[in-house]
Amino acid sequence: MPSTRYQKINAHHYRHIWVVGDIHGEYQLLQSRLHQLSFFPEIDLLISVGDNIDRGPESLDVLRLLNQPWFTSVKGNHEAMALEAFETGDGNMWLASGGDWFFDLNDSEQQEAIDLLLKFHHLPHIIEITNDNIKYAIAHADYPGSEYLFGKEIAESELLWPVDRVQKSLNG
């Protein structure tokens, strides 16, 4: 199991920290919303909870945000599916989940997308935001357990695919 990656962010370094969930390739929609919020990239930070790609028409544009100093992301299950498809050569699950956008790209765009997706091997699984009084933990789908501990080893699958909590919820 690869080591769980954590990152601490001091909230005092930013005017606002915005957290966005599941962008799913909707770059223009995201930009429109950031404009409505008066987002200033010089003094604000945008954190994505993952699932930046698939389903929407602009997955590559969303991935390009990884090059911006005002944007960071944790890894979502859609990024994990894409990386697994590249590593194993089996992209059926990713395609069924909206990964077909990748095959509409030209060769140089595909390489750019791969290079950007590879950044998720180094980005955090969990981002901890702190200020003087409170602490927030950002993960893609779930943080298992009832008590948060920075640095705790957690299987990536538990952070991306919280089967236990979903099953408990379905069972009532």
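Dipole size in debye (nearest 20) for segment 6-171 around its Cα centre, Lys and Arg Cβ +1, Asp and Glu Cβ -1? Intermediate results must be reported in sequence, preceding the final value.
On the way: 11 positive and 26 negative charges, 148 e Å.
It comes to approximately 720 debye.
Set the Förster distance to 45 Å, then compute FRET efficiency between residue 130 and residue 87 from the Cβ-Cβ distance, nearest 0.05.
Numbers: r = 34 Å, r/R0 = 0.76.
So the FRET efficiency works out to roughly 0.85.
On the principal axes of its Cα set, how long, how wide and how thick is segment 6-171? Give whole Å, largest value first.
48, 42, 28
How about segment 76-158: which trypsin sites (Lys or Arg not before Pro) there lie in a loop by DSSP and see at most 16 other Cβ atoms within 10 Å? Working shown, then result.
Values: sites: 119, 135, 152; in loops: 152.
Qualifying residues, ordered by number: 152.
To the nearest 500 deg cm²/dmol, what mean residue ellipticity at 222 nm is calculated for the chain from DSSP H runs of n ≥ 4 alone, each contributing -39,500 (n - 2.57), summed and divided by the residues?
Details: 7 runs with 59 residues, N = 172.
Helix contribution divided over all residues of the chain: -9500 deg cm²/dmol.
List residues of segment 8-36, by number, whose backbone nitrogen lies under 19 Å from a label position 7 Å along Cα→C-beta of residue 100.
Backbone N within reach: 24-27.
So what's the gap between the Cα centers of segment 1-61 and segment 64-122, to the nearest angstrom?
Here the two parts' Cα centres lie 16 Å apart.
What's the exposure ranking of 118, 30, 65, going from fewest to most Cβ atoms within 10 Å? Walk me through the intermediate numbers first.
On the way: 118 12, 30 22, 65 19.
So the ranking, lowest neighbour count to highest, is 118, 65, 30.
Laboratory data are not the source of any read-out in this text; all were calculated from the coordinates shown. As the structure is a prediction and not an experimental result, all values here were calculated from the model. Please note: Cβ atoms are built from the backbone with ideal geometry, for glycine as well, and neighbour counts cover all protein chains shown.
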